[in-house]
1. Being more than 12 Å from the ligand (Cβ to nearest atom) and surrounded by fewer than 24 Cβ atoms within 10 Å (Cβ to Cβ) is the filter here; which residues of segment 91-113 pass it?
2. Determine, yes or no, whether ALA130 is under 30 Å from LYS37 (Cα atoms), at pLDDT 95 or above and either surrounded by fewer than 19 Cβ atoms within 10 Å (Cβ to Cβ) or in contact with a strand residue (DSSP E or B) (Cβ under 7 Å, 6 or more places away or on another chain) (or both).
3. Do you know which residues across segment 1-47 are part of a loop (DSSP other than H, G, I, E, B) and either small (Gly, Ala, Ser) or closer than 12 Å to TYR95 by Cβ (or both)?
4. For residues that are at pLDDT 90 or above, under 19 Å from VAL123 (Cβ atoms), within 18 Å of the chain's Cα centre (by Cα) and not acidic (Asp, Glu), tally how many sit in segment 6-65.
5. Restricting to segment 28-78, name every residue that is crowded, with 17+ Cβ neighbours inside 10 Å, more than 16 Å from ALA13 (Cβ to Cβ) and more than 14 Å from the ligand (Cβ to nearest atom).
6. Filter segment 159-194 down to the residues that are within 12 Å of the ligand (Cβ to nearest atom) and part of a helix (DSSP H, G or I) and list them by number.
7. Quick test of your reading of the structure: GLY159 fulfils all but one of (1) crowded, with 18+ Cβ neighbours inside 10 Å; (2) over 20 Å from GLU52 (Cβ atoms); (3) in contact with a Gly (Cβ under 6 Å, 6 or more places away or on another chain). Name the failing condition by number.
8. Does segment 197-220 include one or more residues that are part of a helix (DSSP H, G or I) and of a type in the set (Val, Ile, Thr)?
Amino acid sequence: MTDPDPRVLLDLAVEAARKGGALAARGQAGISVLDTKSSPTDVVTEMDRASEELIRGVLLGARPGDAILGEEGGEASGSTGVRWLVDPIDGTVNYLYGRPDWGVSIAAEVDGVVVAGVVEVPVRGLTYTAVLGGGAFRDGEPIAAAPRVELGMALVATGFGYESRRRRKQAEVLGTVLPRVRDIRRVGSAALDLCDIAEGRVNAYYERGMQPWDWAAGALIAAEAGVRVEGLRGGPPSTDMTLAAVPGLFEELHDLLEPLGADTDG
Ligand code: LIP
């Protein structure tokens, strides 16, 4: 079977992200918590579920044989070699509080390689996209990461998990990082953090505990914008750590985080 064209996959992802994002944006006012996951503060709203259902319908309606992994709906296997990674609302706590920094993240993998990704930011009306080898874009305009700065001049984004043990360790790591950098940003959405670095609005990003649906689309967009995106021990990002910065700064941040065991909880 010939591999599907990544641009065709991207167009479908954008259609699904816009539909899911529009539904979620309409429902943001007056939203309430439906359920919790790893801790009482790790919430799911009715819109996380409704938007993911709609997105799954658009993707699998067009390509019924594909596999899909969604934050809320779990995994369904397929037969085409294509797997979709879907986070219907990345930044759920922002969403719950009426804040604008949340997005819809959809990536397409072919035989395990992410080839297309979109992060849609409905309240801000922004669409970030990339296909493998084709550059990164915001609303169709090319974007690029900021040039390298020294670690001491870097604006560094990060985020925190929901469990108290992990948070204690993350606070400890932050205690070492904060005095060494220009400043820290905690936006509350990994997908948006990765788009921020892709267009030079922060210099670096690190976070422990992310899942493939959080990073897959944003990591491709950042990589296509010139950012190195990996785990802390080489290889692609993993749940242990997502670390992103332009070459040079990447190594500096890596060498600060690695001895701290920033990819562990203790
Ligand atoms: C969120 C991440 C964020 C992280 C939060 C949370 P969600 O995803 O994108 O970076 O710090 O703890 O995991 O739960 O909004 O999809």
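The values are calculated or read from the model by the stated rules, or taken from the named source; none is laboratory data. Small disclaimer: the values here were computed from a predicted structure and weren't measured. Glycine gets a Cβ as well: all are built from the backbone with ideal geometry, and neighbour counts include every protein chain shown.
1. Pass one, segment 91-113, residues more than 12 Å from the ligand (Cβ to nearest atom): 98, 100, 106-113.
Passing the criteria: GLY98, PRO100, GLU109, VAL110, ASP111, GLY112, VAL113.
2. Details: under 30 Å from LYS37 (Cα atoms): no; at pLDDT 95 or above: yes; either surrounded by fewer than 19 Cβ atoms within 10 Å (Cβ to Cβ) or in contact with a strand residue (DSSP E or B) (Cβ under 7 Å, 6 or more places away or on another chain) (or both): yes.
For ALA130, the condition - under 30 Å from LYS37 (Cα atoms), at pLDDT 95 or above and either surrounded by fewer than 19 Cβ atoms within 10 Å (Cβ to Cβ) or in contact with a strand residue (DSSP E or B) (Cβ under 7 Å, 6 or more places away or on another chain) (or both) - is not met.
3. Here is the first cut: in segment 1-47, the ones part of a loop (DSSP other than H, G, I, E, B) are 1-5, 27-32, 37-42.
If the condition is that a residue be part of a loop (DSSP other than H, G, I, E, B) and either small (Gly, Ala, Ser) or closer than 12 Å to TYR95 by Cβ (or both), then GLY27, GLN28, ALA29, GLY30, ILE31, SER32, SER38, SER39 are the ones that fit.
4. Qualifying residue count for the region: 9.
5. Answer for segment 28-78, where residues must be crowded, with 17+ Cβ neighbours inside 10 Å, more than 16 Å from ALA13 (Cβ to Cβ) and more than 14 Å from the ligand (Cβ to nearest atom): just ALA50.
6. First pass over segment 159-194, keeping only residues within 12 Å of the ligand (Cβ to nearest atom): 159-163, 166-167, 170, 185-194.
The answer is ARG166, ARG167, GLN170, ALA190, ALA191, LEU192, ASP193, LEU194.
7. (3)
8. First, pick out the residues of segment 197-220 that are part of a helix (DSSP H, G or I): 197-198, 212-220.
Applying the additional criterion that residues be of a type in the set (Val, Ile, Thr) yields 197.
Yes.
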